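Notes follow once the structure below has been shown.
The values are calculated or read from the model by the stated rules, or taken from the named source; none is laboratory data. These figures come from a predicted structure and were not determined experimentally. Heads up, the Cβs are rebuilt from the backbone with ideal geometry, glycines too, and the neighbour counts pull from every protein chain shown. The area values use the complete protein model at the heavy-atom level, side chains included, leaving out ligands, DNA and RNA. Shrake-Rupley method; radii C 1.70, N 1.55, O 1.52, S 1.80 Å.
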Amino acid sequence: DMGGHDTFMHKEISEQPDAVDRVLRGRIDDRFSTVHLGGLNLDPREARTIRRIKILGCGTSYHAGLIGAGLIESMARIPADAEPASEFRYRNPVVDPDTLYIAVSQSGETYDVLAAVQELKRKGARVLGVVNVVGSAIAREADGGVYVHAGPEVCVVSTKCFTNTVTAFALLALHLGRIRDLSVTDGKRIIEGLRKLPAQIQEILETEDEIKKIAAEYAGAQSMMFIGRVRGYPVALEASLKLKEISYIHAEAYPASELKHGPLALIEPALPTVAIVPDDDLLEKNRAALEEIKARSGRILAVAHQEQAKADHTIIVPKNEDELDPILMGIPLQLLAYHTALAMGRDIDKPRNLAKSVTVE
Ligand code: F6R
């Protein structure tokens, strides 16, 4: 049942305020400015001994893991990174007893992720799951974890589950941070930010008409470039994947800082750039990248907290805490991909060549 929407993708994008509310519900502890994660199965003493965190997933879940790694590093100060599960599995990685492994999956059935989890467990590693489907294979194999509570996702491409997975990582990062070095004040600041998310997502959804107009201008593009830095880079990766999957427009994502090391050669009026430009300590750096693009007559769509003079269009999103901004900045770009694909007459809920869950290698 599409509940009055034309596609499941549109329905699922629209459900995000409620979905995020669900992942937060019952988990916030105001007394200690932390969160409780019932199924984590990791006592505080163990949590203090973790030296490293390695996050594994595929596709959109891998991108959510990249943002998750950034959240964990900044809040819990534990070195963390994310890697595609399939790559990890085939490079004979060093499995280290002081590393906590986290498998990320909407379906909980993706073969590459499941196989990585099984290999890790065979080697005695501790593996947690950040999973949407309750009781799925990955959830069962993991030693514990965090359910994402996005609800059923029907559209082949993931939207609400991405947002909820990143929010679940914010909860995990806050939890680990408050066991380690994150102050009460910072814990409170993050909790206030988390509580603002559903209403801020709603605010972004209300700009859909404006995003639709912008999408109409990009619908004919051959190729698009997505750029961001640090927290913004995984947002660019995910927005670029979403656009390719449903519109079949070729898209690339680069860290904005890498432009001058090669991809700037591609910039010309026919190759539009979507830039993630949050109001944080990298604002001036991001603005410099916009100038470089404008100097080559590139068209620019900025997703930002304030109007960007160098951009042809700016989609303004509400500001949250710096750490949580990536959650919000991804949302207008789901709508951009959606309306671009719609204008091109694509089969949005069932893109060619793709399946909802990839249970084979
Ligand atoms: C992207 C998409 C895929 C999945 C990937 C992992 O929109 O749907 O890239 O994210 O196949 O699937 P899960 O999360 O079920 O492991």
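Some notes on this structure:
- Subset tally (residues that are more than 21 Å from the chain's Cα centre (by Cα) and hydrophobic (A, V, I, L, M, F, W, C)) for the range 118-141: 3
- Within the range 154-168, considering residues that are surrounded by fewer than 24 Cβ atoms within 10 Å (Cβ to Cβ) and within 11 Å of the ligand (Cβ to nearest atom), the one farthest from Glu119 (Cα to Cα): Cys155
Residues are listed down the side, and each one gets a yes or a no for (1) over 21 Å from Leu328 (Cβ atoms); (2) modelled with pLDDT of 95 or more; (3) away from the ligand (no atom under 16 Å from the Cβ); (4) open to solvent by 10 Å² or more (accessible area, probe 1.4 Å):
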residue	(1), (2), (3), (4)
Arg231	no, yes, yes, yes
Val235	no, yes, no, no
Ser240	no, yes, no, no
Ile249	yes, yes, no, no
Ala253	no, yes, no, yes
Gly262	yes, no, yes, yes
Ala275	no, yes, yes, no
Ile293	yes, yes, yes, no
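- Residues of the range 118-153 satisfying the condition of being among the polar types (S, T, N, Q) and either at pLDDT below 95 or within 14 Å of the ligand (Cβ to nearest atom) (or both): Asn132, Ser136
- Qualifying residue in the range 230-246 (condition: assigned to a helix (DSSP H, G or I), among the aromatic types (Phe, Trp, Tyr) and closer than 25 Å to Leu71 by Cα): yes
- Residue among Leu354, Leu266, Leu333, Leu282 that alone is touching a residue at least 60 places away in the same chain (Cβ under 8 Å) and either more than 16 Å from the ligand (Cβ to nearest atom) or open to solvent by less than 10 Å² (accessible area, probe 1.4 Å) (or both): Leu333
- Every residue from the range 16-63 that is within 16 Å of the ligand (Cβ to nearest atom), part of a helix (DSSP H, G or I) and not aromatic (Phe, Trp, Tyr): Gln16, Ala19, Val23, Gly59, Thr60, Ser61, His63
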